[in-house]
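One structure, as structure tokens, below. Some questions next.
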Number of protein chains: 2
Amino acid sequence: MSAGPLDGLTVLEVSSFVAAPLGGLTLAQLGADVIRIDPVGGAADQGRWPLSPSGTSLFWTGLNKGKRSVTVSFRAPEGRQIIADLVRASGAGGGVVLTNAVGQAWLSYPELARIRPDLIHLQILGYRDGRAAVDYTVNAETGFPLVTGPDTLEGPVNHVLPAWDVACGLYAAVGLLAAERRRARSGAGSQISLALADVAMAVAGNLGLLAEAQLGQDRPRIGNHLFGGLARDFRTADGQRIMLVALTRRHFADLGRVTGLADTFAELERLLGADFSTDGDRFRHREVITALLEPWIAVRPLAEIEREFAGTSVLWSRYRKFTEIDLSGDPLLAQISQPGVGSLLAPASPLVVEGAADVRPAPALGTDTGPVLTGLLGLTEAEVSSLAERGIIGLPS
Amino acid sequence: MSAGPLDGLTVLEVSSFVAAPLGGLTLAQLGADVIRIDPVGGAADQGRWPLSPSGTSLFWTGLNKGKRSVTVSFRAPEGRQIIADLVRASGAGGGVVLTNAVGQAWLSYPELARIRPDLIHLQILGYRDGRAAVDYTVNAETGFPLVTGPDTLEGPVNHVLPAWDVACGLYAAVGLLAAERRRARSGAGSQISLALADVAMAVAGNLGLLAEAQLGQDRPRIGNHLFGGLARDFRTADGQRIMLVALTRRHFADLGRVTGLADTFAELERLLGADFSTDGDRFRHREVITALLEPWIAVRPLAEIEREFAGTSVLWSRYRKFTEIDLSGDPLLAQISQPGVGSLLAPASPLVVEGAADVRPAPALGTDTGPVLTGLLGLTEAEVSSLAERGIIGLPS
């Protein structure tokens, strides 16, 4: 059995909310020792909804699984010194700093690089110039909310998944590992910055949306249709909703065969002068194609549709509520005992690789302050107690 | 000037659509040499919309910027042998294989690891068991579409951003770099698999949504409100839409001060027995709080709102269409000359780090077949010509 991919990597994470914590979680689940450092009492995300009946944040515990939790006073010079000491100590094992705390000079690259010139430091920002932004304001600026949802709507539709935060956190993990590779080869540290707004613009650009806009093409709002392809939601005879996708010529041919509409589609192609083997023409004529599919689906219950599509290339899924997802037996998930919540199934890394970490619960706030300060910094138990008494550090309550 | 973070890393990418190409792009933008290998004539995503007026895919060119393009016949044994030879040759410089091609035994880890036991191979799948799935079917299964959009809707609202594909591509980049770190330390290769459906479930779990469901709490559909906080869209006097977010106590205090509603909010707290300094109570009473804010915003044009919020902590943004985004002067973007499209602004990596690659256009399909085969494999020009004449490889048209 080989070591975990990130065995020996120490991540000091001074973070809150989604992006930075998800970056740290991603590294923790591949074997890194991630130490989340919070102010005594917790950061602004400590009580973020959803909550367990006892008031523990399911959001916080979800994003901080398998990390160690250290709390120190960010205001007291002694507290800041402890963080600087951790940077010094963790560097020996190839440590990195990941933070979304802005405007704290003592946590900045220039300050901490004085301690370790080979420091790797990744700073998450709202905008590149340091102005604040969050997923929901960045999303408004991207263009996506005005093309999401039914084409009868006029206003914006916000996403519920904080997709930019998620992408930002994963970019952060990429950036830290890329810099770590360089340091392992050359000894050089890295100052990295990553703005949430840049993440959104980069992704929109990578998907072709900014190029489209520059060519003066206004992306239309097309409801649940897939732009440039054939896909839509349908309602079954028993009131279920399904998503149906025919991305390729083969998918579409199978769809025609199963539904008995192949001849109708062929006749329609002749009438319209279209070629439904191309995704462009399937998209241009999506309304008539899906109008033909609709009654076939509307008279069949879900179970029958499942039988009909079985063994074909047609891509489809039933829409589920979160509470309808069958979690049992999913190999991604493992049962953990989460302090403040109880026993629950929680996800491992989706990256299936030898040496990836088991699913571990999130720590209770401050659980590891003592062990980290005695272990990494060599403090005595008496020194730890004295710091706690003076409010410089926090211990678990 | 230090080398790029991923200088010397060769990525062989056999891919299509979003996830795997975005993974490769992410590495290319940090300095890796990413060789996208397609079947002669291109993969299924070659003509994916949106298109330029000349018919070039803005989607494909967006996701394959700064890569090299090699085309070979995937059916001819000689073509497959060329890919195996590239795996052997690229390994010396620390090569990795990234693919979403399923059911091609000759491209699989067991087959290619016979050539290089230290191979790093990441396979993107739909489901972990190999069944096909795409972003749009996976999304239907997550629960998000049934809680997105106006609370008056009954059916699902699909996202337009393929958020799961984006997350999957970034996870792939993380997985390859993590494995590369292990190989650099121990010499061991890695077989990695990554299922799109697992990515979606892992993210839903990390954000607390699966825990919430396990506790029997049904996430409500709340339109453009932010779950567990205070945030919503509003319409201004001049018909603009803005997103307004008060995540913290400070944001909310500033919002009360600017709008002159602070006393009203305080009186409301007393009447309701609520504490608006907590995000839980701001969320519980979101309807009445936003109903009070609405008229203040509705009588003010955007420019006045901008002045009022300037210098406060209040987070807000105007909703823009893609065509309304001002790209000029954005330091994320650089002008490139994209074959088939022309001159346009395209994004670099959002990771700002020394040695990150400049923004480079996507290659025309097959542009690098000759140079890669002569350079990496040592073929002669005559051998390349002969392979092209026999249809084993493709050259640029």
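Where does the protein assembly as shown land at 222 nm, in deg cm²/dmol rounded to the nearest 500, when only DSSP H runs of n ≥ 4 count, each adding -39500 (n - 2.57), divided by all residues? Walk me through the numbers before you get to the answer.
Working: 30 runs with 300 residues, N = 794.
Dividing the helical sum by the residues of the protein assembly as shown leaves -11000 deg cm²/dmol.
Regarding chain B, what's the average projected area of the Cα-atom convex hull, expressed in nm²?
Numbers: hull surface 97.5 nm².
Over every viewing direction, the Cα hull of chain B projects on average to 24.4 nm².
Report the antiparallel proportion of the DSSP beta bridges in the protein assembly as shown as a percent, rounded to a multiple of 5. Display every interim value, and only then the final one.
On the way: 42 of 86 bridges.
So the antiparallel bridges in the protein assembly as shown amount to around 50 percent.
Turning to a different aspect of this structure: Which value, in Å³ per residue, describes the convex hull spanned by the Cα atoms of the range B:219-324?
Hull volume over Cα atoms, normalised by residue count, gives 105 Å³.
Here's a follow-up. Place the peptides B:265-271, B:245-251 in order of packing, highest mean first, counting for every residue the other Cβ atoms within 10 Å and averaging per peptide.
Details: B:265-271: 13.0, B:245-251: 20.7.
Put in order of decreasing packing, that is B:245-251, B:265-271.
Roughly how many debye, to the nearest 20, is the charge dipole of the range B:181-272 about its Cα centre, given +1 on each Lys and Arg Cβ, -1 on each Asp and Glu Cβ, and no other charges? Show your work: numbers first, answer last.
Numbers: 13 positive and 9 negative charges, 135 e Å.
Rounded to the nearest 20 debye, it is 640 debye.
Can I ask one more? Using a cut-off of 18 Å between alpha-carbon atoms, which aspartates and glutamates can reach residue A:321, once sequence neighbours fewer than 8 places away in the same chain are excluded?
Candidates past the 8-residue exclusion: A:233, A:238, A:330, B:135, B:141, B:151, B:154, B:198, B:212, B:218.
Let me ask something additional. Dividing the convex hull volume of the alpha carbon atoms of the protein assembly as shown by its residue count, what do you get in Å³ per residue?
Working: hull volume 130.5 nm³, N = 794.
In the protein assembly as shown, the Cα convex hull volume per residue is 164 Å³.
Looking only at other chains, what is the average number of their beta-carbon atoms within 10 angstrom of each beta-carbon in A:4-14?
Numbers: counts 2, 15, 6, 4, 3, 2, 0, 0, 0, 0, 0.
That works out to 3 on average.
Using a Gaussian network model of chain B whose springs link C-alpha atoms within less than 10 Å, name the residue from B:310, B:76, B:348 with the highest mean-square fluctuation.
With Cα springs under 10 Å in chain B, the top fluctuation among B:310, B:76, B:348 is at B:310.
Give me the Å³ per residue figure for the convex hull around the C-alpha atoms of the range B:135-186. Don't skip to the answer; put the middle values down first.
On the way: hull volume 4.1 nm³, N = 52.
Cα convex hull per residue, to the nearest whole number: 79 Å³.
If you put +1 on each Lys and Arg Cβ and -1 on each Asp and Glu Cβ, how big is the dipole of the protein assembly as shown around its Cα centre, in Debye rounded to 20?
Working: 70 positive and 84 negative charges, 160 e Å.
It comes to approximately 760 debye.
Here's something else I'd like to know. Over all residues in B:279-291, what is the mean tally of Cβ atoms on other chains that come within 10 Å of each residue's Cβ?
Numbers: counts 5, 5, 0, 0, 1, 0, 0, 0, 0, 0, 0, 0, 0.
Counting Cβ atoms of other protein chains within 10 Å of each residue's Cβ and averaging gives 1.
Please give the average number of partner chain Cβ atoms lying within 10 Å of the Cβ of each residue in B:214-226, rounded to a whole number.
Details: counts 11, 9, 2, 7, 4, 5, 0, 1, 2, 3, 9, 1, 7.
Averaged over the peptide's residues, the number is 5.
For chain A, with only Lys/Arg (+1) and Asp/Glu (-1) charged at the beta-carbon, what is the dipole magnitude about the Cα centre, in debye rounded to 20?
Rounded to the nearest 20 debye, it is 480 debye.
If you project the alpha carbons of the range A:317-397 onto the principal axes, what extent comes out on each, in Å, largest first?
For the range A:317-397, the Cα extents along the three principal axes come out at 58, 29, 17 Å.
Taking loop as defined by DSSP and a crowding limit of 12 other beta carbons within 10 Å, which GluC sites (Glu not before Pro) in the range A:130-221 fit?
Numbers: sites: A:141, A:154, A:180, A:212; in loops: A:154.
Taking the range A:130-221 and a limit of 12 other Cβ atoms within 10 Å, the loop GluC sites (Glu not before Pro) found are A:154.
Same structure, new question: Taking all protein chains as present, what is the carbon and sulfur share of the accessible area of the protein assembly as shown, in % to the nearest whole number, probe 1.4 Å? Show your work: numbers first, answer last.
Working: 14540 of 28510 Å².
Taking all protein chains in place, the protein assembly as shown shows 51 percent carbon and sulfur surface.
The values are calculated or read from the model by the stated rules, or taken from the named source; none is laboratory data. Keep in mind that what you see is a predicted model, and the values were worked out from it rather than measured. Heads up, the Cβs are rebuilt from the backbone with ideal geometry, glycines too, and the neighbour counts pull from every protein chain shown. Just the protein is used for accessible areas: all its heavy atoms, side chains included, with ligands, DNA and RNA removed. Shrake-Rupley method; radii C 1.70, N 1.55, O 1.52, S 1.80 Å.
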